[in-house]
Amino acid sequence: MVDSVTATKGTAGPTPATNRIGLTLADYKGSPSTLCDGCGHDAITSQIIKAFFELGVEPHMVAKLSGIGCSSKTPAYFLNRAHGFNSTHGRMPSIATGVGMANSQLIQIGVSGDGDSASIGMGQLVHILRRNIPMVYVVENNGVYGLTKGQFSATADLGSKLKSGVMNDLPPIDLCGLAVELGCAFVARSFAGDPKQLVSLLKAAISHKGTAFLDVISPCVTFNNHDGSTKSYKYAKEAETPLHEIGYVPFFEQIAVDYEPGSVTEVKMHDGSHVFLKKLHGDYDPTDRLNAHTTIFKANQDKQFLTGLLYIDEKKPDFTSQLNLTDQPLALLKEDSLRPPKEALDEIMQSLM
Amino acid sequence: MKTLAAESASKQGTGRIVNDFSIQVGTVNGSGSQSSNNVLMRSIFQMGIPVSGKNLFPSNIAGLPTWFTIRVSKDGYIARKREIDILVAMNPQTAHDDVKSLQPGAVCISPAEMKLDLVRSDVKHYQVPFGDLAARATDQIKLRKLLTNMIYVGVVGQLLEIDQAEIETAIRKQFEGKVKVIDLNLNAVKIGRDWAKESLKKEDPYYVEKMDKTAGKIIIDGNAAAAIGCMFAGASVVTWYPITPSSSLCETLIDYLKQYRIDKKTGKASFAVIQAEDELAAVGMALGAGWAGARSMTSTSGPGISLMAEFVGYGYFTEIPTVIFDIQRVGPSTGMPTRTSQADLLPAYFLSHGDTKHITLLPGSVEECYEMAGAAFDLADRFQTPVFVLSDLDLGMNNWMADQFTYPEKPFDRGKVLTAEQIEKIGKFERYRDVDGDGICYRTLPGTNHPLAAYFTRGSGHNEKAGYTERPEDYLNLMDRLNKKFDTARSYVPKPAVDRNPTAKIGIVAFGSSHFAVEESRDQLRDEEKVATSYLRLRALPFSDELRKFVETHDRVYVVEQNRDAQLRDLIRLEMPDLAMKLMSVKHYNGLPIDARFVTDAILEQERKA
Ligand SMILES: Cc1ncc(C[n+]2csc(CCOP(=O)(O)OP(=O)(O)O)c2C)c(N)n1
Ligand code: SF4
Ligand SMILES: [Mg+2]
């Protein structure tokens, strides 16, 4: 039971009306969604709102980004008090990289789709993972291009069927497998229909310093929710095999530990928060990269839908820290620190004479 | 045809042609001749004589022909000169063609074993046993090839009477601090010089003599100049993907940033440089950084510009500042990567689908590469839009003599950015409302701590509150405001440089690296043909009123540019259809830098018909 690992206050009782910085859940909401009723993306949006609210993140310190697609519309539906950037199709990672360089104090969350990330944006996805730019990167994965009316995407499973009966005869790209391969230090898979797990993973992702990658199966009720689809609510619900139950205790809450020794793996996040992974079926060590690889590979072979925290490495340095930038964000530096003095120009001119 | 120089020498009746000729060195790329050519050029420069250097190189790392041309001009002409007066033919692959292309009476210095005297008997040959001399310079076979280059510096130095002391100074500068290398090279020069002194009889008219025309001047290429401009303009996020001829801009910038923008005490950098995975990502990163409030930039060439198209339109439509350098090379497609061109004028100006147009700066000298780099950041911030700086390979990668750059006097213009305190005072913020009536709205940066500060940036239709819209009137409102903003920009961008001759019936319009050829051509037209001209050098798009006035007040206006399709001429026709018939065209687009003689001939030919 996740409840066996809880904070002394907070998640145990009813959710308080205001969070630690005095804001209400409503302060984390966005504009009303314009997606289809029941779309998985909306379920994910709710958990994003909840995660930020419960963590008490200052909304104005968040930058929410996306590409193009139904999924990429969702940043408009959460955190109205955060600056938003709905970019071009597949190119959100480059925007996030630029934003991160300009202001490393911002907390970035990017929402993308499987078309946006696994096809047109694959190049940029690969490179943001490789660079380890600090951000939460959520792929709302429905196996189709929702916004362009239901064509297969590159994550559609072999043999899965479109509504029209057309069968997918190409193998899927496993985005989590790819992320682990590229050295991403936070890789998780979840399901829009498993809010409890999702919200814990989102909180852990926000605590992570570096790219936190979440592949969330998010059924498209309009184009890919029928029998024969492997991304439908029904299929995912039945097939979901969580690796563990996930508890999250933020740095600002006290941990009340109440579990049998050996039944829980604890991961300390760099901001002092804790993730507790309660074993379900046997051991899974999410810090073992090779094992993460094998597990993902094997699950795919067995057509298993594994969810949970697949891989984590809290020690991997992120890109921005490696640049040794000024403490003040570059975006806020003024002329006195950006324009070298006249002597510098004189010296350069002298060298060219 | 006689060169101007030859003419003035014969007029003086001295038989000497002093400080007015061109030297071309034909070598193989990767052979290390670049240092020798720099030394040659610098030592003449140090003697106070105006020089310019052009490197004609292949898109290849080693083994293909390369030519380096040094123009020595007492009158200060620094454009390419078509005629070669002195050839140093070191490349057996091209030596025959090279020597054949000389004018009668020109000079050819070559390895004796090539027997080039058998190819042309009407040029003055100096045949040098380079192999033997190189063997004298070192016993290391590997070094011989490199030192051969310094031997020709010695031979040329002796023949032209270049001060040996200046050559030595230039070598010390070239190999700064590397004592052994300096000694080795100095020795090779001396071997060449001594041999020439003993074995060659001077039988040509070319000499250098000390002048005082380079005091206080610098030698620099346009990319380095732009890099310096960017650093002093406060560029803080720099993204790029390597491409000739643009790479050296960012590479030089990185060197300077490391030297001058890392805090000596804390070791912290006031900049981030990212080598992106491609140009699409490079411009995306630049836009992301510009949106978040940094002074961001990227630099590329034609193929990169094509890749950036979608994002640049996004930047225009959502109003995000960034600076994009396009160091033009020959297209279409891969084209000729190491040849120069001005064929990206329209592609850059109108880059992206839908109705888009961009502020485009057109530096015409290395000084302007420096200044306009600075201006570009201010304009990008002021107009909240991507700003192009269009340079080219000739300007960007060749060595130009220039006045020293002056330290920027104007403080940064960071444009209309609202802080939390300002929003609190105003009580309201709408991202895309034209509050001031100039088409430029106010923006906020992410991280601004005020409940009203946030807005949603989207490439889809948006209203004044940055909300999604498909309403026709919202779209019209937005597009017309963007147009208004563009009109405001007309009076902010660098004004054209106009040299009006009240007696002139014809005018010349040019931009960018065509400038020096046009200046020299105007002198040719005046001195040789008594044709007076006025000259307007365009320094930016969009156009301002000066251009219209200029065209109106001349009978015919020749638009000189380095592309096939007369892109600038057509753009002027588009904006001034009533004046279309006055606009003539001079187009140079073979990949070589434009030269004065070409411009003069093209204008005269059309004038005869007019
Ligand atoms: C350059 C470009 N090509 C094509 C499109 C059309 N397009 C819009 S959304 C989309 C697919 C989105 O699929 P996905 O990322 O899976 O998002 P979903 O709608 O399924 O959430 C495509 C192809 C576009 N906007 N831009
Ligand atoms: S089309 Fe599919 S993905 Fe798009 S909003 Fe509707 S259900 Fe969601
Ligand atoms: Mg999809």
Given charges at beta-carbon only (K, R positive; D, E negative), |dipole| of the range B:220-399 in Debye: 500 debye
Net charge of Cβ neighbours under 11 Å - reference B:Glu277; Lys, Arg +1; Asp, Glu -1: 0
Rounded tilt (10° steps) of B:596-609 against the dominant C-alpha axis of chain B: 70 degrees
DSSP-defined beta bridges in chain B - what % are antiparallel, rounded to 5: 35 percent
Size of charge dipole - the protein assembly as shown - debye, nearest 20, with Cβ of Lys, Arg +1 and Asp, Glu -1, no other charges: 720 debye
Exercise: per-residue mean of other protein chain Cβ atoms within 10 Å, A:310-323: 1
Under Karplus coefficients 6.51, -1.76 and 1.60, residue-wise ³J(HN,Hα) of the range B:24-30 in Hz, glycine/proline x: 10, 10, x, 9, 9, 6, x
For a label point 7 Å along the Cα-to-beta-carbon line of B:Met581, residues of the range B:528-553 with backbone N under 18 Å: B:551-553
Model label zone, B:Lys100; criterion: amide N under 18 Å from point 7 Å along Cα-to-beta-carbon; scope the range B:22-47: B:26-27
The range B:420-488 - Kirkwood radius from inverse mean 1/r over Cα pairs (Å): 12.8 Å
Expected 222 nm ellipticity per residue - DSSP helices of 4 or more, -39500 (n - 2.57), all of chain A, to 500: -8000 deg cm²/dmol
Rounded to 10°, Cα long-axis angle of helix B:33-46 versus longest principal axis of chain B: 90 degrees
Residues with amide H under 5 Å from that of A:Lys209, placed H, sequence gap 5 or more: A:His270
Whole-angstrom gap from the range A:156-219 to the range B:475-532, using each part's C-alpha centre: 56 Å
Longest DSSP-loop-exposure-free segment, trypsin sites (Lys or Arg not before Pro), chain A, at most 16 other Cβ within 10 Å: A:164-302
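So if I place +1 on the C-beta of Lys and Arg and -1 on the C-beta of Asp and Glu, and nothing else carries charge, what would the dipole magnitude of the range A:129-259 be about its Cα centre? I want it in debye, nearest 20.
Working: 12 positive and 13 negative charges, 83 e Å.
Rounded to the nearest 20 debye, it is 400 debye.
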Residue-wise HN-Hα coupling along the range B:52-58, computed from phi with Karplus coefficients 6.51, -1.76, 1.60 (Hz; x: Gly, Pro): 8, x, 10, 9, 9, 10, x
Which listed pairs, of B:Lys416/B:Lys484; A:Lys203/A:Lys268; B:Lys197/B:Lys217, have C-alpha distances above 23 Å, in listed order: B:Lys197/B:Lys217
DSSP beta bridge pairing in the range B:497-609, given as percent antiparallel to the nearest 5: 15 percent
Cβ-based charge dipole, chain B, positive-most Cα from B:Trp195, B:Thr27, B:Pro245: B:Trp195
Exposure ranking of A:Val221, B:Val39 by accessible area [1.4 Å probe, largest first]: A:Val221, B:Val39
Cα lying deepest toward the dipole's positive end in the protein assembly as shown, options B:Met150, A:Ser232, B:Leu118, charges on Cβ: B:Leu118
Solvent-accessible ranking of B:Leu133, A:Leu35, largest area first, probe 1.4 Å: A:Leu35, B:Leu133
Positive-end residue, the range B:220-399 charge dipole about Cα centroid, Cβ charges, pick of B:Thr334, B:Ala224, B:Phe350: B:Ala224
Cross-link reach list, aspartates and glutamates versus A:Lys149, counting only Cα pairs under 19 Å and skipping chain neighbours closer than eight places: A:Asp37, A:Asp42, A:Asp114, A:Asp116, A:Glu140, A:Asp157, A:Asp227
Nonlocal amide H pairs with B:Asp392, under 5 Å, H built at 1.01 Å: B:Gln328
Summed residue charge, Cβ within 11 Å of A:Val139's Cβ, Lys/Arg positive, Asp/Glu negative: -3
In sequence order, calculated HN-Hα J values of the range B:301-316 (Karplus, 6.51, -1.76, 1.60; Hz; x Gly/Pro): 9, x, x, x, 4, 4, 5, 7, 3, 4, 5, 5, x, 4, x, 5
Share antiparallel - DSSP beta bridges, the range A:21-332, percent rounded to 5: 40 percent
Rounded to the nearest 10 Å², the accessible area of B:Trp195 at probe 1.4 Å: 40 Å²
Cleavage-rule hits, trypsin sites (Lys or Arg not before Pro), the range B:185-276, DSSP coil, Cβ neighbours within 10 Å at most 10: B:Lys201, B:Lys264, B:Lys265
Solvent exposure, largest accessible area first (probe 1.4 Å, DNA, RNA and ligands not counted), of A:Thr295, B:Thr457: A:Thr295, B:Thr457
Degrees between helix B:472-490 axis and first principal axis of chain B (Cα, 0 to 90, nearest 10): 40 degrees
Proximal lysines relative to A:Lys237, as straight alpha-carbon distance under 21 Å, when same-chain residues fewer than 8 apart are discounted: A:Lys161, A:Lys163, A:Lys196, A:Lys278, A:Lys279, A:Lys298, A:Lys303
Local electrostatic count at B:Ala165 - Lys and Arg +1, Asp and Glu -1, tallied over other residues with Cβ under 14 Å: +2
Estimated inter-spin distance, A:His270 and B:Lys410, nm [label 7 Å along Cα→Cβ]: 4.1 nm
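The values are calculated or read from the model by the stated rules, or taken from the named source; none is laboratory data. Everything numeric in this text was worked out from a predicted model, so none of it was measured. Neighbour counts are summed over all protein chains in view; Cβ atoms, including those assigned to glycine, are modelled from backbone coordinates with ideal geometry. Note: areas computed on protein heavy atoms with side chains; ligands, DNA, RNA excluded. Shrake-Rupley method; radii C 1.70, N 1.55, O 1.52, S 1.80 Å.
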